[in-house]
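Here is the structure we will look at, set down as structure tokens.
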Amino acid sequence: QVQLIESGGGLVQTGDSLTLSCAASGSSLIGYTMAWFRQAPGKEREFVAAVSRFGKTPNYADSVKGRFTTSIENAKNTLYLQMRTVKTEDTAVYYCAASLLDIVLTARDMTYWGKGTLVTVSS
């Protein structure tokens, strides 16, 4: 079982950059497919990015492709989400999650979740 804690959220302005972290404990991230999801007020939780447990090239939602980058630092057992050129529509609670599946696209594919970190983008 893996415990996940997100950090790095906050209030930023349109066009700014922000990096979120997801620190894991209880188990190594190696062997898990790790993903970021986000949930805006009044909306369903949506997929943002994922890194397969086989270390393949990360995949991203079209809405963040080219602006967000996710990576894993195995030595720190931490997942990151680098957010660049943020937009007001990026405002949401961001969650990291872990799965034993090879491919994840929906929240139902994930087994372990963090509690989330809030990102607010002002114009």
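Structural remarks
- Sulfur and carbon atoms: percent of accessible area, the chain [1.4 Å]: 51 percent
- Highest average first, the peptides 78-87, 111-120, 9-18 ordered by how many other beta carbon atoms sit within 10 Å of their residues are 78-87, 111-120, 9-18.
- A crude spin-label estimate for the pair Ile103 and Gln1, with each label 7 Å from Cα along the Cβ direction, gives 3.1 nm.
- What region 12-123 shows is 52 Å² of accessible area per residue, with the surface traced by a 1.4 Å probe over protein heavy atoms.
- In order through region 84-89: 3J(HN,Hα) via Karplus (6.51 cos²θ - 1.76 cosθ + 1.60), integer Hz, x for Gly, Pro: 10, 6, 5, 10, 4, 6
- 3J(HN,Hα) along region 14-21: 3, x, 6, 10, 7, 10, 9, 10 Hz, from the Karplus curve 6.51 cos²θ - 1.76 cosθ + 1.60 with θ = phi - 60°, whole Hz, x for Gly and Pro.
- Cross-link partners of Lys87 among aspartates and glutamates (Cα-Cα below 20 Å; sequence separation of 8 or more within a chain): Asp16, Glu44, Glu46, Asp62
- In this label model, Ser17 and Thr69 are separated by 0.8 nm, measuring between points 7 Å along each Cα→Cβ vector.
- Partners for Lys56 among lysines (Cα-Cα distance below 22 Å; same-chain residues under 8 apart left out): Lys65, Lys76
- Phi angles of region 33-46 translate, via the Karplus equation with coefficients 6.51, -1.76, 1.60 and θ = phi - 60°, into HN-Hα couplings of 7, 9, 9, 10, 10, 9, 9, 8, x, x, 10, 6, 5, 10 Hz per residue; Gly and Pro are given as x.
The values are calculated or read from the model by the stated rules, or taken from the named source; none is laboratory data. Since the structure is predicted, the reported quantities are computational estimates derived from the model, not experimental observations. Positions of Cβ are backbone-derived with ideal geometry, glycine not excepted, and every protein chain shown enters the neighbour counts. Note: accessible area is taken over every heavy atom of the protein model, side chains too, but ligands, DNA and RNA are not part of it. Shrake-Rupley method; radii C 1.70, N 1.55, O 1.52, S 1.80 Å.
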